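Structure, as structure tokens:
Derivation of every value follows stated rules applied to the coordinates shown; laboratory data play no part. This structure is a prediction, so every number in the text was calculated from the model and none was measured. For neighbour counting, all protein chains shown are included, and Cβ atoms are generated from backbone atoms with ideal geometry for every residue, glycine included.
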Amino acid sequence: MPSPALLVVFVMAPARVDSSTPPFEQAAREVLGPSAELRLEQVASLPPDALALERAGPADGVVEMSWNAEQHQAVLHCYIASEQRWVDRTIHFDAADRDPDRGRLLGFAAAAMFVGAPSFVRARAQEQAIVGPAPMAPPGPVSAPTLPVTAAPSGPGSMDAQASASLDVVPSRASPSRGQVSTAGTLEFAGVASGGFGAGASLELGALAALGVPLSESLSARVQLEGREGEIAPAQAVVRRVLAGVGLAWNALPEASPVELTIRADGLGSWFQVSHLSADDVASVKNHGWLFGGDALATLGYRVSTLLTLSVGVGFEAMLGQTHVFTHGVERATLPACRGLAALGFVTHF
């Protein structure tokens, strides 16, 4: 007997569309062939990518199927084991579409993602070798085989008559194939706290925004813009900083993992302003300057979805030289060259 190719489907379906499951299974089997094994599991909520792969075991493909609240849109989140990547397919329906018609189209669409995978092709070839060659057909024009991508029910309300379904295929961020550069970039937004050490230490609070561009599966180039403000108590002064940075970020964990551990390092340019106002000053006295240096942070993130990761990071920032703060000719404080950093925020993937 040929070894069956296995497709595991996790279905999160509201009660109204439960009747679409048998047509889904029938259509998928028609496309994949009798040699393929299809396993459907009803779930209350879709598991994260890593857990879905663990539950599926040695499957050649995994599908997570879900509906939106209005039940007009279904999403097929598909993992192709031979390519080690996730692909998303979104299918839209009209309110008048019948549940069996929806299920049949979804079955065709899901199976079409795997029909060309080596394991399913191999299983069909072994099946044909056992059954034997098909009988010879009379000579006639030769045409390439076609794979149906829509259901073909007849009668009122049929999907073909209404031409109501449309497909959108969108590559997912998670798990690009080995050696393939992910096309997904990132936007990061975070609140930042920075603190120094010693008598002139000050706590500075602010925010940053950063753009990441992938260079490889785990390495990204990164640009950031950050603003902070803090108080220098010994000098009765306020310090404001605007920092711009360029650097690299390395994700130490596999893309399929819901947890991210990112190590990043940036070169920084910092414009800062110190503002002082005391009882004998009629106006605030300000001075500014430039500093250059770098930072390094380790960030731990949890991937809430394929589009959103929550993150927290700790590290340090080092500048080339200290900053001495004078008021009325007397040195009141020294801003240290090295400061601790903490960041809390989120990353969006696109």
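Annotations
- If you wrap the stretch 203-350 in the convex hull of its Cα atoms and look at it from every side, the mean projected area works out to 9.5 nm².
- At R0 = 25 Å, FRET efficiency that the Cβ-Cβ distance of PHE326 and LEU205 yields, to 0.05: 0.50
- Other residues whose C-beta falls under 11 angstrom from the C-beta of ALA193 contribute a net charge of +1, scoring Lys and Arg +1 and Asp and Glu -1.
- Computed extension length for SER275-VAL312: 10.2 nm, one decimal, from 0.36 nm per residue of separation with the Cα-Cα distance subtracted.
- Neighbour counting of Cβ atoms within 10 Å sorts the residues CYS338, CYS78, fewest neighbours leading, into CYS338, CYS78.
- Computed E for GLU41/PHE189 - FRET, C-beta separation, R0 35 angstrom, nearest 0.05: 0.45
- Highest mean packing first, where packing is the average number of other Cβ atoms within 10 Å per residue, the peptides 41-52, 95-106 line up as 95-106, 41-52.
- Karplus-derived 3J(HN,Hα), 6.51/-1.76/1.60, for each residue of the stretch 118-124, Hz, glycine and proline x: x, 5, 6, 5, 5, 5, 5
- Contour excess over end-to-end distance, with Cα ends at SER216 and PHE292 and 0.36 nm allotted per residue: 24.5 nm
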